[in-house]
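No lab work stands behind these numbers, since they all come straight from the coordinates. Remember, predicted model here, so these are calculated numbers, not experimental data. All Cβ positions, even for glycine, are placed from backbone atoms using ideal geometry, and neighbour counts span all protein chains on display.
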Amino acid sequence: MGGLVMAPAQAGVQKCTAADGKVVFSDQPCPEGQASSSVRGVPEAKPMGGGTRDQGSRLSYEDAVQRARRAEVHAALSPVCRALGDKASSAVRSDTSSLEEVKLAVSQFESKCGDQVLQASVRNNTTRAVPNAADCRALRQSLEDQRARMKTMTNKELQEFAKFQNEVSVGCR
């Protein structure tokens, strides 16, 4: 599962448009005051100052559901689009790829496969995505880790724990 839309740990590619119309592609969220949109087919970068990860790198339920959705979209793509997506995903994740290489790979994927991604995403959004077995194991382990420290949690943390516990119990039956 390595397609562009499927890479769970990769940063998204943002298209930032300044007030003067200058466009910059970045793997970071756009600076305040600039119009921001994510490149179609690439997951969005997390906003500055926070994320959905709970306690650092722990897998959140939302991350597991997104991973499941990306896997379903990836499976619906043609072999050619999967290969282009894998190539673009590798370029985005690579420490040695230049921004131009990333832009070219993403552009090729988007121009040839954007419609397939859109159609698969629309079909995918009509059904409820559920985390896979490995993600459910990780989510349950995270739940147990959090349960062990319940006595020291604040009211807000207890509310978040209850929400997380409910999501895991419903999504990982």
## Note on the structure
Pseudo-spin-label distance Ala35 to Arg140, built 7 Å along Cα→Cβ, given in nm, is 4.8
### Message
Students often forget the sequence filter, so: which aspartates and glutamates lie under 18 Å Cα-Cα from Lys103 once same-chain residues fewer than 8 apart are removed?
### Response
Asp27, Glu44, Asp86, Asp95
### Message
Per 0.36 nm of contour for each residue apart, how much would the distance between Phe25 and Arg147 grow if the chain were fully extended, relative to their Cα-Cα spacing?
### Response
39.8 nm
### Query
Among the lysines, which have Cα under 24 Å from the Cα of Lys163 when same-chain residues fewer than 8 positions away are ignored?
Lys46, Lys151
